[in-house]
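Q: The following block contains the structure, expressed as structure tokens.
The values are calculated or read from the model by the stated rules, or taken from the named source; none is laboratory data. All values reported here derive from a predicted model rather than from experimental measurement. Every residue, glycine among them, receives a Cβ derived from its backbone with ideal geometry; neighbour counts consider all protein chains shown.
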Amino acid sequence: MKMQKIKKLLSYYKPYKKDLFLDLFCSVIDSVSVTIFPVLVRYLTDDVINFEKDKAFQSLGMVALVALGLFFIIFLCQRYTEYQGIMLSTKVETDIKTELFEHFQKQDFSFFDEQKVGKLMSYITTDAYNLTTFIKEVPETLLDFIIRLSGAGIVLFLASPLFGAITFGILFIILCVAVRYVPKMQREIENARIIYSDLTSDLEESISGIKTVQAFTNEDLEISKFKDDMKIYLQTNDRQNKIKGTLMAVTEPILIGLIPITTIVAMFFILRGDFSMNDLLVFMLYADILIAPIFNVLALISGFNEGSVGFKRIFNILSIDSEIKNSKDAIKLEKVKGNIKFKDVSFIYKSGRKIFENLNLEIKAGEYVALVGPSGAGKSTLCNLIPRFYDVNKGEILIDDVPVKKIELKNLRKNIGFVRQDVVLFSGTIADNIRYGKLDATNEEIIQAAKDAYAHDFILDFEKGYNTYIGGRGARLSGGQKQRIAIARAFLKNSPILIFDEATSSLDNESEKFIQKSMEKLAKDRTTIVIAHRLSTIRNAKKILVLSGGNIAEEGTHEELLSKNGIYADLYNMQFSKNNSV
Ligand code: ATP
């Protein structure tokens with residue numbers, strides 16, 4: 001597992017090996033250049049001071065030139081690491097985000113039943129960002145630290161082994177203290193990430209449900225829930241910052257005190273004649289060079305924790321493999337007739353809810369079948385099993401006598417058109433949304449589909465017609481209009497099997513008539529399954545299946561089922577008396 005993780009982490013660098021090499025190379029040159037300055041100072045104060053006047057001025061000029069050259073090299077290196085290096089991490093960030101997005105797109109319905117949208121979004125926003133920062137900062141900062149530490153170490157030990165030992169002793173203590181905080185911080189950061197993603201998901205639910213919130217005048221409730229979430233956010237930050245604060249409180253004074261303390265000790269040795277002022281000056285310059293990267297390493301510890309937590313979370317979510325995949329010997333159906341068979345099908349949701357046991361059912365090619373039954377009987381579930389949105393636990397579903405598990409997934413789903421009650425439209429124009437049914441559709445095809453779905457007239461009523469922007473989730477359209485766009489999409493998709501899942505349930509009579517007409521037009525020569533709550537809408541269906549108790553309890557035409565006086569008759573009479581009493 002550890003090896004797998006390391007491989008995964010390295011794989012993010014792979015496409016950018018050259019960029020990373022250059023970034024690290026510049027970082028090394030930058031660090032080396034910085035450590036040369038004190039050597040120059042030492043040369044001036046130790047050697048040049050004793051030269052003859054002319055030679056001394058000449059050497060001073062040379063040192064100034066070298067210093068200038070070093071400044072220029074540092075400038076070039078900084079420019080590269082601060083621009084290309086940051087672009088490198090942005091490229092890696094976009095790769096990780098794309099990988100996550102592609103991964104989510106391939107997941108099955110069960111995955112989305114278990115994961116909240118806000119949580120998934122926080123992987124792409126926060127975790128991917130933290131991981132990328134970690135990927136760029138860790139090698140750069142560590143390399144800088146190691147080079148400055150070894151450069152300074154060599155010179156310091158050469159100047160005075162005692163001072164070298166004191167300085168490195170202090171640095172060692174600081175690093176030991178800092179490292180001790182790593183697991184503690186990691187735990188807190190991991191908790192915090194779980195809490196933040198819960199908060200994001202609550203926020204997403206509350207904002208996307210704002211119309212319901214306002215309709216129930218529950219704004220105060222939502223604000224109070226949000227305030228509670230913010231309290232948790234504060235507490236989480238409090239714990240995290242306490243650890244960070246303690247770490248900084250312990251290490252910062254030691255670092256700040258490094259120069260004054262060692263100067264006092266150095267003065268003691270200088271007074272005894274064992275150490276020179278020049279040695280002290282060089283020591284101070286090196287101590288100064290060392291302090292900045294130590295602060296960077298300390299800052300990196302929290303960045304490291306955030307990045308490693310981000311990596312762990314991303315690695316875990318990427319390890320979830322969709323259970324619904326193409327089988328090895330998957331085939332493509334060329335011309336689907338649309339015969340659907342359920343053979344001894346049993347299905348249980350992951351939550352443990354058992355829906356079907358040994359369900360047998362046949363819908364012949366071209367048949368128009370209505371599926372009715374009490375709420376929660378499993379009508380939608382049954383339809384979701386056909387395109388393999390969920391896989392059956394036992395038995396099999398066949399299309400034209402081929403088990404759906406043997407049909408290539410894309411091919412299977414291309415052959416099934418779905419129109420649901422909760423139509424999902426995307427922000428964009430009306431034309432874009434109809435085109436969703438067939439991405440390469442021409443404008444003429446889009447208009448024809450809209451005409452077939454009785455949508456053309458209302459579309460032209462908008463000032464910009466087909467180019468009208470419909471807002472997020474089609475907010476600027478009525479329920480009936482959205483439904484007709486969904487049907488236009490299905491016309492474009494032109495699949496031999498059609499499923500209408502309560503497509504007319506939430507519509508008024510006027511819209512329902514339009515949808516009914518367009519549904520019937522669309523259903524012509526296709527196998528059609530219609531789930532309907534309002535039984536009046538399926539009275540004319542040649543075959544009505546009544547689903548109850550996890551199986552087909554009754555089957556027949558409207559009249560036949562009424563005369564049976566069973567579940568269908570009960571459902572129908574209940575609706576009839578309800579409608580009459582309204
Ligand atoms: P309705 O007519 O009210 O839409 P339905 O007959 O279409 O109901 P389904 O939506 O198929 O019924 O649901 C059947 C049962 O499965 C219900 O009890 C429901 O709570 C449960 N169920 C539906 N979706 C899931 C899911 N994703 N995970 C777990 N249980 C689910």
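Q: Please go through the stretch 398-428 and pick out each residue that is farther than 21 Å from Ile363 by Cα, among the β-branched types (Val, Ile, Thr) and buried (at least 18 other Cβ atoms within 10 Å of the Cβ).
A: Val423
Q: From the residues in the stretch 23-82 that are among the polar types (S, T, N, Q) and under 25 Å from Leu280 (Cα atoms), which one is surrounded by the fewest Cβ atoms within 10 Å (Cβ to Cβ)? Can you show your working first?
A: Taking the stretch 23-82 as the starting set, the residues that turn out to be among the polar types (S, T, N, Q) are 27, 31, 33, 35, 45, 50, 58-59, 78, 81.
Still in the running and under 25 Å from Leu280 (Cα atoms): 31, 33, 35, 45, 50, 59.
Numbers: Ser31: 23, Ser33: 18, Thr35: 21, Thr45: 16, Asn50: 9, Ser59: 16.
Across the stretch 23-82, the extreme among qualifying residues is Asn50.
Q: Select from the stretch 113-139 the residues that are over 20 Å from Asp95 (Cα atoms) and out of contact with any Phe, Trp or Tyr (no Cβ under 8 Å at 6 or more places or on another chain) and write down the one among them that is surrounded by the fewest Cβ atoms within 10 Å (Cβ to Cβ).
A: Per the criteria, the residue is Glu114.
Q: Also, I was wondering about something else. Is there any pair with a first residue in the stretch 361-387 that is within 15 Å of Glu554 (Cβ to Cβ) and in contact (Cβ under 8 Å) with a residue 60 or more places away in the chain and a second that is of a type in the set (Lys, Arg) and assigned to a helix (DSSP H, G or I) whose Cβ atoms are under 8 Å apart and which are 6 or more apart or on different chains, and what are they?
A: Cβ pairs passing all conditions: Leu371/Lys379; Val372/Lys379; Gly373/Lys379.
Q: Taking the stretch 28-74 as the search range and keeping residues that are in contact (Cβ under 8 Å) with a residue 40 or more places away in the chain and not β-branched (Val, Ile, Thr), which one is farthest from Asp279 (Cα to Cα)?
A: Asp30
Q: Moving on. Would you say Ala490 is touching a Gly at 6+ places or on another chain (Cβ under 6 Å), within 22 Å of Lys335 (Cα to Cα), at pLDDT below 90 and among the aliphatic types (A, V, I, L, M)? Show your work before the answer.
A: On the way: touching a Gly at 6+ places or on another chain (Cβ under 6 Å): yes; within 22 Å of Lys335 (Cα to Cα): yes; at pLDDT below 90: yes; among the aliphatic types (A, V, I, L, M): yes.
Yes.
Q: Oh, and also: Return a yes/no flag: does the stretch 284-299 have any residue that is touching an Asp or Glu at 6+ places or on another chain (Cβ under 8 Å) and of a type in the set (S, T, N, Q).
A: Among the residues of the stretch 284-299, at least one is touching an Asp or Glu at 6+ places or on another chain (Cβ under 8 Å) and of a type in the set (S, T, N, Q), which makes the answer yes.
Q: So, of the residues in the stretch 80-116 that are within 20 Å of Ser319 (Cβ to Cβ) and aliphatic (A, V, I, L, M), which turns out to be nearest to the ligand (Cβ to nearest atom)? Give the derivation first.
A: Here is the first cut: in the stretch 80-116, the ones within 20 Å of Ser319 (Cβ to Cβ) are 92, 95-116.
Remaining after also requiring aliphatic (A, V, I, L, M): 92, 96, 100.
Working: Val92: 35, Ile96: 29, Leu100: 23 Å.
Restricting to residues being within 20 Å of Ser319 (Cβ to Cβ) and aliphatic (A, V, I, L, M), the top hit is Leu100.
Q: Which members of the stretch 432-451 meet the condition of being surrounded by 19 or more Cβ atoms within 10 Å (Cβ to Cβ) and assigned to a helix (DSSP H, G or I)?
A: Asn433, Ile434, Arg435, Ile446, Ile447, Ala449, Ala450
Q: Among the residues of the stretch 312-332, is any more than 16 Å from the ligand (Cβ to nearest atom), among the polar types (S, T, N, Q), assigned to a helix (DSSP H, G or I) and closer than 30 Å to Thr132 by Cα? Walk me through it before giving the result.
A: Of all residues in the stretch 312-332, those more than 16 Å from the ligand (Cβ to nearest atom) come to 312-321, 325-332.
Right, trim to among the polar types (S, T, N, Q) and you get 316, 319, 326-327.
Right, trim to assigned to a helix (DSSP H, G or I) and you get 316, 319.
Cutting the leftovers down to closer than 30 Å to Thr132 by Cα gives us 316, 319.
Scanning the stretch 312-332 turns up at least one residue that is more than 16 Å from the ligand (Cβ to nearest atom), among the polar types (S, T, N, Q), assigned to a helix (DSSP H, G or I) and closer than 30 Å to Thr132 by Cα.
Q: Tell me yes or no: at least one residue of the stretch 351-370 is surrounded by 15 or more Cβ atoms within 10 Å (Cβ to Cβ), touching a strand residue (DSSP E or B) at 6+ places or on another chain (Cβ under 8 Å) and farther than 25 Å from Phe500 by Cβ. It would help to see each step written out before you state the result.
A: Of the stretch 351-370, the ones surrounded by 15 or more Cβ atoms within 10 Å (Cβ to Cβ) are 355-357, 359, 361, 363, 365-370.
Imposing the further condition that a residue be touching a strand residue (DSSP E or B) at 6+ places or on another chain (Cβ under 8 Å) reduces the set to 355-357, 359, 361, 363, 365-370.
Filter once more, so that each one left must be farther than 25 Å from Phe500 by Cβ: 357.
Looking through the stretch 351-370, at least one residue is surrounded by 15 or more Cβ atoms within 10 Å (Cβ to Cβ), touching a strand residue (DSSP E or B) at 6+ places or on another chain (Cβ under 8 Å) and farther than 25 Å from Phe500 by Cβ.
Q: Could you grab me the full set of residues in the stretch 339-350 that are within 10 Å of the ligand (Cβ to nearest atom) and surrounded by fewer than 19 Cβ atoms within 10 Å (Cβ to Cβ)? Explain how you work it out, then say what you get.
A: So in the stretch 339-350, the residues within 10 Å of the ligand (Cβ to nearest atom) come out as 347-350.
Of everything in the stretch 339-350, those that are within 10 Å of the ligand (Cβ to nearest atom) and surrounded by fewer than 19 Cβ atoms within 10 Å (Cβ to Cβ) turn out to be Ile348, Tyr349, Lys350.
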